[in-house]
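The values are calculated or read from the model by the stated rules, or taken from the named source; none is laboratory data. Being a predicted model, the structure only gives us computed values, none of them experimental. Virtual Cβ from ideal backbone geometry, glycine too; neighbours counted across all protein chains shown.
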Amino acid sequence: MVESSVVAVVPAAGQSSRFGSRKLLADLDGAPLLQHTLVSLLDAAVARIVVVTRAGDTFDGVAALADPRVHVVVNPDPARGMFSSIQIGLAAAGGRVVLVLPADMPFVAADTVAAVVARAVTTGSVIVPAHHGRRGHPIAIPRALCDALASLDPATTLKDGLAALQQPIVLADVTDPGVLRDVDVPGDLAP
């Protein structure tokens, strides 16, 4: 069970240019891809989820968006890149710990989310899950860093932003390969 002061930011404002279109609504085991990402966070008992979308995006069929813990905010200029969506999400997040889990990562297990959060709450550090030495998501960020990250150039990346702030990264070894699996093209949905 995850502490109640944990908020997740789910950047969902990308163009999906490599996938085609409507990637987040692509069918994955009978449900939209975005549904799986949100359920992973909800099942880990994250207190609040901020989904950052493009203006005019609709996500019909994503039942988890009706959960009262899920809030949608709009990135007015998503062409600036994913970090700009993360910044908007951080500004709306609150919480003691903020998780960042891109919307196109439906394979992360809820137990993994809970383990990353538990480590972040006990250490107060930036926690990055690693599977076989490769870094993945969700990334847990202490609330104290959110304002500094929000003030950086939106064209950067979260990784580079954390490096610019000279924040030590604590790697949490996990057995979940889902922390590395994002969906860029339709073939990425295959088991």
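Pick from the stretch 172-183 the residues that are surrounded by 13 or more Cβ atoms within 10 Å (Cβ to Cβ) and of a type outside the set (Val, Ile, Thr): which of them is farthest from Gln15 (Cα to Cα)? Within the stretch 172-183, the match that is farthest from Gln15 (Cα to Cα) is Ala172. Would you mind stating whether Arg119 is over 16 Å from the mean Cα position of the chain (by Cα) and surrounded by fewer than 14 Cβ atoms within 10 Å (Cβ to Cβ)? No: the conditions fail for Arg119.
Within the set of pairs 6 or more residues apart or between chains, which connect a residue that is on the phi > 0 side of the Ramachandran plot inside the stretch 82-100 to a residue that is small (Gly, Ala, Ser) with Cβ atoms less than 8 Å apart? Correct list of pairs: Gly95/Ser5; Gly95/Ala47. Scanning the stretch 21-54 for residues that are closer than 19 Å to Ala93 by Cα and more than 18 Å from the chain's Cα centre (by Cα) returns no hits.
Among the residues of the stretch 97-112, is there at least one that is among the hydroxyl-bearing types (Ser, Thr, Tyr), at pLDDT 95 or above, out of contact with any Asp or Glu (no Cβ under 6 Å at 6 or more places or on another chain) and in a helix (DSSP H, G or I)? Within the stretch 97-112, none of the residues are among the hydroxyl-bearing types (Ser, Thr, Tyr), at pLDDT 95 or above, out of contact with any Asp or Glu (no Cβ under 6 Å at 6 or more places or on another chain) and in a helix (DSSP H, G or I). Out of the stretch 131-146, which residues are part of a helix (DSSP H, G or I) and either of a type in the set (S, T, N, Q) or touching a residue at least 40 places away in the same chain (Cβ under 8 Å) (or both)? Within the stretch 131-146, Arg143, Cys146 meet the criteria. Residue count for the stretch 107-116 satisfying the condition of being in contact (Cβ under 8 Å) with a residue 60 or more places away in the chain, buried (at least 17 other Cβ atoms within 10 Å of the Cβ) and of a type outside the set (Gly, Ala, Ser): 4. Does at least one position in the stretch 53-68 carry a residue that is crowded, with 21+ Cβ neighbours inside 10 Å, of a type in the set (Val, Ile, Thr), assigned to a strand (DSSP E or B) and out of contact with any helix residue (DSSP H, G or I) (no Cβ under 7 Å at 6 or more places or on another chain)? Taking every residue of the stretch 53-68 in turn, at least one turns out to be crowded, with 21+ Cβ neighbours inside 10 Å, of a type in the set (Val, Ile, Thr), assigned to a strand (DSSP E or B) and out of contact with any helix residue (DSSP H, G or I) (no Cβ under 7 Å at 6 or more places or on another chain).
Does Leu149 qualify as being modelled with pLDDT of 90 or more, over 22 Å from Ala114 (Cα atoms) and within 16 Å of the chain's Cα centre (by Cα)? Considered against the rule, which asks whether it is modelled with pLDDT of 90 or more, over 22 Å from Ala114 (Cα atoms) and within 16 Å of the chain's Cα centre (by Cα), Leu149 comes out as yes.
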